[in-house]
1. Output the residues belonging to region 228-245 that are closer than 17 Å to residue 107 by Cα and modelled with pLDDT of 95 or more.
2. Provide a single number: the residues in region 275-306 that are more than 22 Å from residue 170 (Cβ to Cβ) and crowded, with 23+ Cβ neighbours inside 10 Å.
3. Confirm whether residue 51 is out of contact with any helix residue (DSSP H, G or I) (no Cβ under 9 Å at 6 or more places or on another chain), at pLDDT 95 or above and surrounded by fewer than 18 Cβ atoms within 10 Å (Cβ to Cβ).
4. Name the single residue that is surrounded by the fewest Cβ atoms within 10 Å (Cβ to Cβ) among those in region 21-46 being at pLDDT 95 or above and in a loop (DSSP other than H, G, I, E, B).
5. Could you check region 86-200 for helices (runs of 4 or more DSSP H) lying wholly inside it with 1 or more residues that are buried (at least 17 other Cβ atoms within 10 Å of the Cβ), out of contact with any helix residue (DSSP H, G or I) (no Cβ under 8 Å at 6 or more places or on another chain) and modelled with pLDDT of 95 or more?
6. Select, from 307, 299, 292, the only residue that is farther than 20 Å from residue 91 by Cα and touching a helix residue (DSSP H, G or I) at 6+ places or on another chain (Cβ under 9 Å).
7. Within region 3-18, is even one residue modelled with pLDDT of 90 or more, more than 23 Å from the chain's Cα centre (by Cα) and either surrounded by fewer than 23 Cβ atoms within 10 Å (Cβ to Cβ) or assigned to a helix (DSSP H, G or I) (or both)?
């Protein structure tokens, strides 16, 4: 019988992280320029020099390729480059790719990076870039639905009909994450708001209101993943990657055509990751959960196993994701309030939390945490990390 557990043992650690300042609208700089800034800072944060990098995984939106880093950093011996075309699941799934090439002995230090210049945020651009969206042309676009907020609204509405979830439950998520952003100087949206203010924000696509939706932003973030051997000699205590996994939604790819709308790919990945990491849900001190929309956070809490299906609303109403709650979530402000960096800022924040560098939002005693990604049609990715070797 074939085991479903990942065969990649803990062999890699995140040793360097960095991000630029984030902003709204279109940047005067290119996404490549922003990525180079964040990447160089992450390399320095790891105590390395650019020439130490022998693997590069730039995000899959076409904004940068390996040769850009070779030329600008003077890298002489790049041994691996790759991309992961999973939309918002790509950043975390890239950690799995980095872990794999390190496990295979191909690389010692892999740079994973993303940058956005504020352009390309239109739904029409995303339809051209993401192959996952081709099914939209057949099933959803004829009904006038093609933007992500419209596509995911059907999932949220189905959850509401099945389990009694309400818009106020979504508001609990938005309010908690904004409260975390209020303490983060590098968050775009820092002004707190109430449940009532959330409910008064304009409807975008029923049931999603404005404050249920993530930001459009510019900036860059990067991490360095290193082999476990040399990691101990670097600048910071290594944050070991215990396990990674990805999961894809059930067929068909078109959301509205699935027999089950409320189960994401992360449900498949989570079980594998927890088993491979050898930890339980009670061991997780902090979680950075992909939050393109509030409902996606609620659904992932259920699919990850922190509560049963249909109980996500009660979980957030009880203050479960707030600082001091059962599971502090998105301590940096997430995509909803800090910036939309396709989830790479979530990876950066988890590493900082486990290092003890979380500032005003530091979760006391955080040693083990997880970060997730969510792709356009329901792809999921997860990484479980622990402080030290």
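1. Residues satisfying the conditions are 240, 241.
2. 1
3. So residue 51 fails the test.
4. The residue in question is 21.
5. Hits in region 86-200: 90-103, 148-163, 167-181.
6. 307
7. Within region 3-18 (the criterion being modelled with pLDDT of 90 or more, more than 23 Å from the chain's Cα centre (by Cα) and either surrounded by fewer than 23 Cβ atoms within 10 Å (Cβ to Cβ) or assigned to a helix (DSSP H, G or I) (or both)), the answer is no, since none of the residues qualifies.
The values are calculated or read from the model by the stated rules, or taken from the named source; none is laboratory data. All figures in this text were calculated on a predicted structure; none of them were measured in a lab. When we count neighbours, we look across all protein chains shown, and the Cβ atoms used for this are built from the backbone with ideal geometry, even at glycine.
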